[in-house]
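Read the figures in this text as sums done on the coordinates, not as results from a lab. Small disclaimer: the values here were computed from a predicted structure and weren't measured. Cβ sites come from the backbone with ideal geometry, for glycine too, and all protein chains shown count toward neighbours.
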Amino acid sequence: MDTNQYLEMFIDESKEHLQSCNEHLLELEKNPQDLAIVNEIFRSAHTLKGMSATMGYEDIADLTHMMENVLDAIRNSKIPVTTEIFDVVLQAVDYLEEMVMDIASGGTGKKDVRELVDSLNRIEAGGAVITAAVVETAVTVTEEKVALSYDDYEMTVISQSFEQGFNALEITVELREDCVLKAARVFMVFGILEKVGEIIKSEPKVEQLENEEFAETFTVALITKESADVLREKVMKVSEVEAVTVSALTNDYLLNGKRAKDDEALKAIETAVTVQQGTDVGKEPADQKGKRNTGVQSGNKTIRVNIDRLDILMNLFEELVIDRGRLQSIASELQNPELNETVERMTRVSGDLQSIILNMRMIPVETVFNRFPKMVRQLARDLDKKVNLEIIGAETELDRTVIDEIGDPLVHLIRNALDHGVESPAERLAKGKPEEGTVTLRAYHSGNHVFIELEDDGSGVSRERVVAKAIANGIVTEEIAKTMTDRQVAELILASGFSTAEKISDVSGRGVGLDVVKNTIESLGGYISIESTEGQGSLFQVQLPLTLSIISVMLVELEKEVYAIPLSSIIETAIIQTSDILSAHNQKVIDFRGNIVPLVYLKEIFEMPGHDESESFQSVVIVRKGEKLAGLVVDSFIGQQEIVLKSLGNYLQSVFAISGATILGNGQVALIVDCNSLIK
Amino acid sequence: MTEMLNQDEMKVIVFELMDKEYAISVDVVQSIEKMLSISRVPKTPSYVKGVLNLRGVVTPIVDLRARFGLDTKEMDESTRIIIVTLEDYDVGLIVDAANDVLDIPAESIEPQPEVVGSIEVDFLSGVAKVDKRLLVMLNLDKVLEPIKRVTSDDL
């Protein structure tokens, strides 16, 4: 089978399933008794196994298979959930992630999994000892069971039904010896069962049952969501039924050809299924051949669209917007009421269309956040600290382009919070704080921005230490340090070459400081600030634009050319008197609210005929790069506008002071000024 | 189909520059446009005329005359922009006129002569004689080597 065309889908879905495993495992660690969670994990693992086997990735299939066995043992209460098991299973998920990533980057997805498979095996075997006792006590209940055998097709049906959250039961009905109308009773039993599920097999066969060609007992296999006890009761209500035995089919049975013989297992599944029914009501797709159920999130109907296609759609749409602009100007010239009306309608519709297209590119920040719980768990263990990570607002949506970039800076901040922020349990107790530190990751919308905050209740930023270090590193002078506010001091830790770690630890302090985070965020058009109270904790606030493909700019004119300056860099615009321009060495400067701000003559930079100093007023755009300011001198301001960011392409790889281009309403290309490269 | 043709014939777009005829393979040509309004991009080599909006894609434009070091000429009615697509970028070439598509037999293409006009020999991949016309085959990879990073340090 040529599987290449499915590769992308495989990778995407695998990642989803692994993420789901991760999340549910962490949840399970908090509630080890909640077997519904195990079922979720089991389902993800099972799907992953099936997919990888189909795609020919044997190592992944092997590892998931062993993981499944362990999970099965857990949900059948054969083995208790312990930290040790967790570590191994989480490591298995880690391995699987690595393998999937390898495949995604063109590799073979092969990895030496023997050691891990061995430990999984050991865990499973360790559980078996405990199981023996359970089986013995349960044996009297289940000894009368008649095992059916299933062919491949039926096996598939059963395992798929597990994925859909159904339960497969074998029901053995024993009629009274003196039963007269055996076929009628069979009919009634079937009637009951077919109301609550689907019968996939019976022994003897249906025709034989109808012809009364059987003794007193018959067995049917049923796929249902009903619990075994309810079923037993219902079937017992049929007159002349002597006994009913219900036993559950498990995946374990399907996979290994052995069946779970203990009633414990049955009960476990029952509770699991009932719990799940509570949460999943109405969400289970009724048709089995349709979409595959990937868990609780299957409530919405979605379609996976390649981001490139959305980009094409966006490009086409921009064309439309440009033509709309032309139409508008033609209409205003012609003054034809009907034409005007049509153009107005078109303007409204295309406006709505624009917001829909933009919305399609938005994805919840969850896709980044959900890798953090596991990371925090691991980090806390490595650092010997107790940390509880709270995530708020994971559903907050951001443009895909921003999501792709924001992950690494957040990892850095979280590591920093755990390493430098949260104290060790002993220290915390000594300070009268709860032993477990709390780190809160929060996302929310505000205006045209998304805010992501990381708050910890740790030790906060020590002014004394930061100032000492900043002076030692020559970042500030002693005099300036004295005048700085606490906030300014805290933000010093974002300065380049700064690290407050007194010793280099594994987690942070490898010379890569928070300045990298700051730079990344600023390159995204964002902004980071710190609030900190010594002894009580810190709050890192990251402000990001909603999208990178559409930005707000100030359009300015230089001669006849139009340039765009991103609003994120602009502090304000000003008209200054030429006589207020001062000279410092060879640099023209102005006094802007007490700051000496150097002037940059954009015409000079952009190689245009010289600036006219005879004008009595100059239009200046005050821009900033971090703490540094500059005033860009332009001919005139056109106004503020939202524009679509376009690259200049690969031919013009990097042009000085130009970060990209955009297309204006009249179809002209305007260049976007890169303020960062204008300020050294 | 095209491969079959390629073995003995090559389809080319013929364009004019300083009264000489040049040819590039039709495979790399995306479209031929009339003159559009171009926005200048500062701090780029003089032969980069700027960028234009080609149906929503910002496309850089190279003036071939300037690239070859020839005298520049005012744009007129016959001026065309040939949009070519190379490996990972699109570039528009300003030429005096573009009005012919020809099939040239492979055997008519000869290695470049030592000197052809004043154009750098590097830019040429050969010449083709078709009937009485002499077509100069361009080596676009050389003509359109991406503009290297221009940083503030270089200025």
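Can you give me the long-range amide H partners of B:Asp100? Hydrogens built in the peptide plane at 1.01 Å from N, cutoff under 5 Å, separation of 5 or more residues or another chain.
B:Val14
Quick check: the distance between the Cα centres of region A:358-406 and region B:1-70, to the nearest angstrom?
47
Relative contact order of region A:170-223, please, whole-number percent, based on alpha carbon pairs below 8 angstrom and at least 6 residues apart.
55
Averaging sequence separations of C-alpha pairs under 8 Å and six or more residues apart, then dividing by the length of region A:515-589, give the relative contact order as a whole percent.
With pairs under 8 Å counted, the relative contact order is 18 percent.
Work out the FRET efficiency for A:Glu464 and A:Asn4 from their Cβ-Cβ distance, taking R0 = 35 Å, and round it to the nearest 0.05.
0.05
Which of rounded, prolate, oblate describes region A:1-116, given a ≥ b ≥ c as roots of the alpha-carbon gyration tensor eigenvalues and a/c under 1.5 marking rounded, otherwise prolate only if a/b is larger than b/c?
Since a/c reaches 1.5 and a/b is larger than b/c, the shape of region A:1-116 is classed as prolate.
How high is the FRET efficiency from A:Ser552 to A:Thr485, r the C-beta distance, R0 25 Å, rounded to 0.05?
Computed FRET efficiency for A:Ser552 and A:Thr485 comes out at 0.30.
Going by amide H atoms built from the backbone, whose H comes under 5 Å of the H on A:Ile391, apart from near neighbours?
Distant-sequence amide H within range of A:Ile391: A:Leu441.
Amide H of A:Leu632: which non-local residues (sequence gap of 5 or more, or other chain) have their own amide H closer than 5 Å, using H built in the peptide plane?
So A:Leu632 has HN proximity to A:Val600, A:Val621, A:Ile622, A:Val623.
Once you keep just the Cα pairs under 8 angstrom separated by 6 or more residues, what percentage relative contact order results for region A:361-464?
31
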